[in-house]
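Undergrad: Okay, handing you the structure first.
The values are calculated or read from the model by the stated rules, or taken from the named source; none is laboratory data. Quick caveat: nothing in here was measured; it's all calculated off a predicted structure. Cβ placement follows ideal geometry from the backbone for every residue including glycine, while neighbour counts extend to all protein chains displayed. For the accessible areas, the whole protein counts, side chains as well, though only heavy atoms, and no ligand, DNA or RNA atoms are used. Shrake-Rupley method; radii C 1.70, N 1.55, O 1.52, S 1.80 Å.
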Amino acid sequence: MITKQKGTMDIYGEESQKRMYVNDILRSICEKYNYSYIETPVFEASELFHRAVGDATDIVSKETYDFVDRGNRNLTLRPEGTAGVCRWYIENKLYGNQTEPVKAYYIGKMYRYDRPQLGRYRELTQFGIELIGSDDVLADLDVISLAYNTYTILGLKDVTININTLGDKESRNNYRKALIEYLIPYKEELCEDCKERIEKNPLRVLDCKIDGEKDILLNAPKTTNYLNETSLNRYNKLKEYLELLDINYKENPRLVRGLDYYDHTVFEITADVPEMGNLALGGGGRYNGLIELLDGPSVPAVGFAMGYDRTVMAMTYTGVNFDTKDGIDIYIMYVSDTEKETAALLAQDLRLNDFITETDYLNKGLKGEFKSADRLKAKYLIIINDQDLENNEVNVKDNLTKEEEKVNINNLVEYLDSHR
Ligand code: HAM
């Protein structure tokens with residue numbers, strides 16, 4: 001038997017209904033914030049992610065699905081969505097005639113060769129937004145506000161936005177130097193990867209999955225102590241704005257995120273769900289240097305991505321009501337061939353009039369059809385028989401009260417509408 005791959009999921013039944021519910025909310029909230037839906041390819045040139053996410057990150061050095069296609073191209077299944085959206089922005093020269101920032105959102109599969117465990121998958125879904133073309137702190141606020149309100153509207157009330165700032169290039173460089181100086185004496189206590197990262201990319205040591213929780217790192221210098229005046233003012237403005245909007249945030253001066261492209265604002269979202277430990281439900285930040293790094297002009301941007309699978313899991317653990325539809329509206333029953341034709345006709349009519357309608361595809365006969373109707377939790381049964389058809393009528397039965405009534409076919413939709 002061929003089974004599914006480690007870290008992947010088949011999503012069906014109740015789980016898929018939950019996702020329909022979540023998708024509707026995501027779409028509706030993105031509309032209100034005026035983000036447009038975008039789909040970019042699942043595979044891209046490997047170089048895109050190497051450059052954007054960074055060679056020294058865990059994501060690129062250990063977790064990408066890389067392959068060579070039949071035309072000898074080096075390709076990678078996307079581990080995240082930001083790089084693809086920036087590639088699209090540059091390739092279509094959207095910077096040329098833009099008078100407004102580009103605001104795009106996506107929901108899609110990402111691929112990371114992670115160690116599969118609760119809340120960690122190799123094929124994962126992310127919902128993400130990117131706001132490209134504004135350096136104003138108001139844009140950072142817009143993104144955090146959308147993120148925060150999305151979790152709240154999805155029913156996760158106890159979410160915290162953990163925020164930090166990496167500052168601009170100058171501040172980051174100052175911090176980088178201080179961090180290298182601090183880490184060198186502890187080199188031997190760090191994992192093999194981190195030993196190499198110290199000089200190459202010391203920020204990555206802070207979010208190492210092996211060393212991340214060690215005391216050495218918990219006592220490491222804080223980014224906020226190395227900010228120049230502009231960066232500090234910016235950070236203070238963001239906090240002021242967050243307070244203005246009553247967004248529940250917590251400062252975490254060691255939050256650096258696992259991707260290289262960030263500067264200034266970074267944030268991660270956690271929820272108080274004991275079963276899930278401290279898995280982040282989402283994260284994001286500002287990436288003013290990324291578009292230029294990918295050969296575009298210097299265009300500032302900010303964004304966020306939600307771990308979709310983890311969020312659905314958190315909603316399930318906390319008992320959120322997914323408002324999933326329980327049962328169908330109508331089950332149509334027939335026996336003879338003429339009755340079957342009417343069944344086909346009525347099924348189409350009712351479906352086009354917004355009723356969830358089902359009928360028998362297996363010629364089960366009445367007894368089997370009654371059983372199916374119960375299994376599918378049908379609210380109404382339409383029982384067709386040839387005698388009634390002579391009067392252009394069908395039998396409509398309320399499956400709860402068991403009351404039956406003959407209804408003229410021409411009045412059927414009206415009748416069922418008045419009984420909704
Ligand atoms: P990220 O923090 O790498 O950021 O991923 C965002 C979220 O995806 C995480 O917070 C987590 O909930 C979820 N996630 C990551 N890896 C896995 C996994 N193996 N299994 C399940 N869920 C996972 C980004 O990807 C950035 N592109 C976010 C961003 C957008 N920054 C700016 N714009």
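Undergrad: Can you tell me the dipole magnitude for the stretch 185-225 around its Cα centre, using point charges on the Cβ only (Lys, Arg +1; Asp, Glu -1), in Debye to the nearest 20?
TA: So the magnitude is around 200 debye.
Undergrad: Can you give the net charge of the other residues whose Cβ lies under 12 Å from the Cβ of ASN236, counting K and R as +1 and D and E as -1?
TA: Local charge sum for ASN236: -1.
Undergrad: If you roll a 1.4 angstrom probe over the protein chains with everything in place, what fraction of the accessible area of the stretch 330-414 belongs to carbon and sulfur, to the nearest %?
TA: Roughly 50 percent of what the probe reaches on the stretch 330-414 is carbon or sulfur.
Undergrad: Let me make sure I get this right: for the stretch 330-414, a, b and c are the square roots of the gyration tensor eigenvalues over alpha carbons, sorted descending. Under 1.5 in a/c it's rounded, otherwise prolate if a/b > b/c, else oblate. Which is it?
TA: rounded
Undergrad: Another question about this same structure. For the stretch 185-301, with every protein chain kept in place, what is the accessible area per residue (1.4 Å probe, Å²)?
TA: Value for the stretch 185-301: 49 Å² per residue.
Undergrad: Of ASP66, ASP374, ASP168, which is the most mobile in a GNM of the chain whose springs link Cα atoms less than 10 angstrom apart?
TA: ASP374
Undergrad: Counting each DSSP H run of 4 or more residues in the chain as -39500 (n - 2.57), what helix-only mean residue ellipticity at 222 nm follows after dividing by all residues, to the nearest 500 deg cm²/dmol?
TA: Here the helix-only value at 222 nm equals -11000 deg cm²/dmol.
Undergrad: Loop only per DSSP, at most 15 neighbouring Cβ atoms within 10 Å: give me the trypsin sites (Lys or Arg not before Pro) in the stretch 269-378, ordered by residue number.
TA: In loop regions of the stretch 269-378 (DSSP not H, G, I, E or B), the sparsely surrounded trypsin sites (Lys or Arg not before Pro) are LYS325, LYS364, LYS377.
Undergrad: Quick one: compute the contact order of the stretch 330-414, relative version, from alpha carbon pairs under 8 angstrom and 6+ residues apart, as a percent.
TA: Relative contact order comes out at 30 percent.
Undergrad: Between beta-carbons, use under 11 Å as the cut-off and find the net charge around GLY84, counting Lys and Arg +1, Asp and Glu -1.
TA: In short, -3.
Undergrad: Once a ≥ b ≥ c are taken as the square roots of the eigenvalues of the Cα gyration tensor of the stretch 251-336, is the result rounded (a/c under 1.5), prolate (a/b larger than b/c) or oblate (a/b not larger than b/c)?
TA: Oblate, because a/c is 1.5 or more while a/b does not exceed b/c.
Undergrad: A follow-up question, please. With +1 on each Lys and Arg Cβ and -1 on each Asp and Glu Cβ, how big is the dipole of the stretch 65-207 about its Cα centre, in debye rounded to the nearest 20?
TA: Computed about the Cα centre, the dipole is about 480 debye.
Undergrad: Hey, another quick one. Under 5 Å between amide H atoms, partner at least 5 residues away or on a different chain: which partners does ASN399 have, H built in plane at 1.01 Å?
TA: Here the answer is TYR380, LEU381, since their amide H atoms fall under 5 Å of that of ASN399.
Undergrad: Okay, moving on. Using the Karplus curve 6.51 cos²θ - 1.76 cosθ + 1.60 with θ = phi - 60°, work out ³J(HN,Hα) for each residue of the stretch 296-304 in order, rounded to whole Hz, and write x for Gly and Pro.
TA: These are the phi-based 3J(HN,Hα) values: x, x, 7, 10, x, 7, 8, x, 7 Hz.
Undergrad: Then there is this: About the Cα centre of the chain, how large is the charge dipole given +1 on each Lys and Arg Cβ and -1 on each Asp and Glu Cβ? Please answer in debye to the nearest 20.
TA: That gives a dipole near 1320 debye.
Undergrad: What is the list of residues in the stretch 227-265 whose amide nitrogen lies under 19 Å from a point 7 angstrom out from the Cα of LEU218, following Cα to Cβ?
TA: Residues passing the 19 Å test: 251-257.
Undergrad: Also, quick follow-up: Have a look at the DSSP beta bridges in the stretch 330-414 and tell me what percent are antiparallel, nearest 5.
TA: 55 percent
Undergrad: Using Cα-Cα distances under 8 Å and only pairs 6 or more residues apart, what relative contact order does the chain have, in percent?
TA: Relative CO of the chain lands at 16 percent.
Undergrad: Further question: Take the alpha carbon atoms of the chain, find their radius of gyration, then divide it by 2.2 N^0.38 Å using N residues; give the quotient.
TA: 1.26
Undergrad: Gap in Å between the Cα centre of the stretch 133-169 and the Cα centre of the stretch 59-110?
TA: 22 Å
Undergrad: Here's something else I'd like to know. Residue-wise, which Karplus ³J(HN,Hα) couplings in Hz belong to the stretch 244-251, taking 6.51 cos²θ - 1.76 cosθ + 1.60, θ = phi - 60°, and x for glycine or proline?
TA: Once θ is set to phi - 60°, the couplings for the stretch 244-251 become 4, 8, 6, 8, 6, 10, 9, 7 Hz.
Undergrad: Rolling a 1.4 angstrom probe over the protein heavy atoms, how many square angstrom per residue are accessible across the stretch 330-414?
TA: Dividing the accessible area of the stretch 330-414 by its residue count gives 60 Å².
Undergrad: Give me the accessible area per residue for the stretch 1-132, probe 1.4 Å, as a whole number in Å².
TA: 56 Å²
Undergrad: Can you give the angle from 0 to 90° between the axis of helix 337-352 and the longest principal axis of the chain, with both taken from C-alpha atoms, to the nearest 10?
TA: The answer is roughly 40 degrees.
Undergrad: Quick one: how many lysine pairs in the stretch 123-204 have C-alpha atoms under 26 angstrom apart, if they're 8 or more apart or on different chains?
TA: Step by step, the pairs that qualify in the stretch 123-204 add up to 9.
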